[in-house]
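For reference, the structure is listed below as structure tokens.
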């Protein structure tokens with residue numbers, strides 16, 4: 001088994017979770033068996049250390065014969081007898097430290113709050129954490145080997161496709177863009193290339209679901225707009241109330257004056273007109289009070305838009 005950028009643990013996990021392969025015994029041939037301390041977590045049936053050909057051949061045959069026998073079930077319960085070929089090897093401290101550092105890094109990646117995906121130079125997924133799988137809405141193991149750009153529908157978006165081309169061909173340090181998934185969730189994506197002297201050899205993608213954050217930002221902007229509207233409403237109602245007061249005062253004055261002209265004009269008709277003017281002025285005045293004293297409001301969706309619904313108050317005569 002030749003593993004291209006995939007760990008033995010990942011390969012075993014895939015095999016063990018596929019029904020058609022789960023019954024197969026797995027032997028891992030490793031050059032770092034003497035330094036590795038967590039083989040029992042990998043899920044293989046036997047481990048053989050690389051070494052001189054004759055010794056390696058003997059250990060492989062021993063492992064194969066044992067696993068094909070009825071005693072295979074003992075392999076995981078007594079793992080020490082299934083680590084073969086390390087008796088003549090001396091652990092290398094630098095390799096041990098590198099393996100431990102890599103293990104710590106994997107634990108950090110698995111627990112970060114953002115999705116992290118490692119791909120090869122063709123954007124095929126090599127490794128990812130559980131958060132990435134949740135964001136993409138698929139099982140983690142089923143995503144291995146899939147093309148990240150196809151999963152994100154990058155090729156259907158000319159703008160994002162241009163960003164990716166700049167990343168691959170023009171040496172851009174990273175690209176960042178957002179995608180709206182079919183379920184309406186908004187995903188922020190940052191892709192960073194890993195270079196060698198020949199160009200990009202792999203990519204690291206960071207995924208974050210910003211749907212709730214964007215919703216909060218939109219709500220904040222809406223509150224800010226409404227705050228400005230309410231401040232403007234206060235100024236408008238002040239300017240509106242002044243002429244209303246003048247109109248209402250003049251109507252009352254005219255009503256009193258007409259009392260002295262009784263008999264010379266149709267007092268009843270004029271009085272009715274003035275009374276109606278006073279009623280409408282009072283109504284407008286109440287509306288200005290209503291706007292000026294807004295402390296609570298609700299919004300309603302109307303014809304694909306939103307309107308502010310003000311609280312009702314009882315009109316006063």
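Give me the residue from segment 122-139 that is in contact (Cβ under 8 Å) with a residue 60 or more places away in the chain and outside any helix (DSSP H, G or I) and, out of that set, surrounded by the most Cβ atoms within 10 Å (Cβ to Cβ).
Looking only at segment 122-139, we keep the residues that are in contact (Cβ under 8 Å) with a residue 60 or more places away in the chain, and these are 123, 126-127, 131-132, 135-136.
Narrowing further to those that are outside any helix (DSSP H, G or I): 123, 126-127.
Numbers: 123: 21, 126: 17, 127: 19.
So the residue we want is 123.
For segment 46-69, how many residues are assigned to a helix (DSSP H, G or I), more than 49 Å from the chain's Cα centre (by Cα) and free of Cβ contacts under 8 Å to residues at least 24 places away in the same chain? Spell out how you get there, then give the answer.
First pass over segment 46-69, keeping only residues assigned to a helix (DSSP H, G or I): 53-68.
Those still in the list that are more than 49 Å from the chain's Cα centre (by Cα) too: 53-55, 57-58, 61-62, 65.
Now narrow it down to the ones that are free of Cβ contacts under 8 Å to residues at least 24 places away in the same chain: 53-54, 57-58, 61-62, 65.
Number satisfying all stated conditions: 7.
When residue 109 is evaluated against the numbered criteria (1) assigned to a helix (DSSP H, G or I); (2) modelled with pLDDT of 75 or more; (3) surrounded by fewer than 14 Cβ atoms within 10 Å (Cβ to Cβ), which criterion, by number, is the only one it fails?
The number of the failed condition is (3).
Filter segment 76-106 down to residues that are in a helix (DSSP H, G or I), under 22 Å from residue 46 (Cα atoms) and at pLDDT below 75, then give me how many there are.
Residues of segment 76-106 in a helix (DSSP H, G or I): 79-82, 93-106.
If we keep only those that are under 22 Å from residue 46 (Cα atoms) as well, we get 79-82, 95-96, 99-100, 103.
Remaining after also requiring at pLDDT below 75: 79-81, 95-96, 99-100, 103.
So the answer is 8.
The values are calculated or read from the model by the stated rules, or taken from the named source; none is laboratory data. Computed from a prediction, not measured in an experiment: that's the story for all the values here. Neighbour counts are summed over all protein chains in view; Cβ atoms, including those assigned to glycine, are modelled from backbone coordinates with ideal geometry.
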